[in-house]
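Visitor: My structure is below; once you've seen it, I'll send some questions.
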């Protein structure tokens with residue numbers, strides 16, 4: 001089993017739709033969590049950190065469920081420009097800290 | 001806005017040749033990471049520095065890859081000799097600390113022929 005798993009998709013949604021992605025992690029000692037956005041052939045860019053209490057940034061909402069060991073990303077009112085790959089990243093305490101990225105979930109938003 | 005710088009952006013090399021990549025992190029970021037990303041996969045950590053010290057190089061193929069960050073600022077990743085399977089995007093990232101958000105440079109796209 002991979003340490004961090006994501007549904008690769010693709011998710012094909014119309015503009016204005018709400019879409020949600022999950023990311024599961026296997027190490028219960030995981031400490032911090034992040035969502036990144038990656039456009040084709042570009043570098044990942046930080047979208048948001050995921051806090052225990054959940055957090056929201058405009059149309060984006062991230063949540064953490066420690067009991068079930070997953071984080072989620074909700075995108076409301078999808079825009080064409082939201083089309084990208086969404087990577088989750090989990091920092092695990094394994095002696096030191098180690099960051100593991102998921103393989104990403106591909107999103108296509110269509111007009 | 002401060003950015004992570006990387007060079008070159010693209011590199012084509014023949015197998016068995018040596019290749020080197022350079023990264024300049026955001027000023028003040030003590031933690032520096034080198035990742036390799038293959039199309040369709042997430043970034044895979046090769047090496048992590050805290051200041052000038054290596055804190056994790058467990059996934060670095062040490063027979064051919066080396067990395068250094070001599071003064072705790074910029075860093076170089078070297079491959080010698082390059083193999084066909086090394087073709088990938090090499091990403092550098094930096095952060096304020098080991099459990100903090102990371103900021104990525106534009107990457108070096110390596111093609112080994």
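Visitor: Within segment B:49-104, how many residues turn out to be farther than 15 Å from residue B:11 by Cα and more than 14 Å from chain A (Cβ to nearest Cβ)?
Guide: 16
Visitor: For segment B:99-109, name all the residues that are surrounded by fewer than 21 Cβ atoms within 10 Å (Cβ to Cβ) and touching a strand residue (DSSP E or B) at 6+ places or on another chain (Cβ under 7 Å).
Guide: B:99, B:101, B:106, B:109
Visitor: Can you tell me which residues in segment A:101-111 are assigned to a strand (DSSP E or B) and more than 11 Å from every other protein chain (Cβ to nearest Cβ)?
Guide: Those that are assigned to a strand (DSSP E or B) and more than 11 Å from every other protein chain (Cβ to nearest Cβ): A:107, A:108, A:109, A:110.
Visitor: Out of segment A:9-24, which residues are within 14 Å of chain B (Cβ to nearest Cβ) and over 13 Å from residue A:101 (Cα atoms)?
Guide: Scanning segment A:9-24 gives A:9, A:10, A:21.
Visitor: Still on this structure, please answer the following. Counting only residues that are touching a helix residue (DSSP H, G or I) at 6+ places or on another chain (Cβ under 9 Å) and more than 14 Å from chain A (Cβ to nearest Cβ), which one in segment B:14-45 is nearest to residue B:84 (Cα to Cα)?
Guide: B:15
Visitor: Right, here's the next one. Which residue, of B:70, B:84, is farther than 21 Å from residue A:2 by Cβ, exposed (fewer than 15 other Cβ atoms within 10 Å of the Cβ) and modelled with pLDDT under 95?
Guide: The conditions single out B:70.
Visitor: Separate question: Taking the options B:21, B:65, name whichever one is over 25 Å from residue A:39 (Cα atoms), surrounded by 13 or more Cβ atoms within 10 Å (Cβ to Cβ), in contact with a strand residue (DSSP E or B) (Cβ under 6 Å, 6 or more places away or on another chain) and at pLDDT 95 or above.
Guide: Criteria check complete, one pass: B:65.
Visitor: For segment A:45-58, enumerate the residues that are more than 14 Å from residue A:84 (Cβ to Cβ), within 14 Å of chain B (Cβ to nearest Cβ) and surrounded by fewer than 15 Cβ atoms within 10 Å (Cβ to Cβ).
Guide: Result: A:51, A:52, A:55, A:57.
Visitor: What's the number of the condition residue A:47 fails, among (1) under 20 Å from residue B:102 (Cα atoms); (2) part of a loop (DSSP other than H, G, I, E, B); (3) in contact with a strand residue (DSSP E or B) (Cβ under 6 Å, 6 or more places away or on another chain)?
Guide: Single failed check for residue A:47: (2).
Visitor: If I go through segment A:70-100 residue by residue, how many of them are in a strand (DSSP E or B), surrounded by 18 or more Cβ atoms within 10 Å (Cβ to Cβ) and free of Cβ contacts under 8 Å to residues at least 40 places away in the same chain?
Guide: 2
Visitor: Follow-up. Considering only strands (runs of 3 or more DSSP E) fully contained in segment B:1-103, which possess at least 2 residues that are free of Cβ contacts under 8 Å to residues at least 24 places away in the same chain?
Guide: Correct list: B:44-50, B:53-56, B:65-68.
Visitor: To continue, here is another question. Within segment A:29-44, track down each residue that is within 9 Å of chain B (Cβ to nearest Cβ), farther than 18 Å from residue A:91 by Cβ and loosely packed, with under 14 Cβ neighbours inside 10 Å.
Guide: The one that is within 9 Å of chain B (Cβ to nearest Cβ), farther than 18 Å from residue A:91 by Cβ and loosely packed, with under 14 Cβ neighbours inside 10 Å: A:41.
The values are calculated or read from the model by the stated rules, or taken from the named source; none is laboratory data. Fair warning: this is a prediction, and the values are worked out from it, not measured in the lab. Note that we place each Cβ from the backbone using ideal geometry, even for glycine, and neighbour counts take in every protein chain shown.
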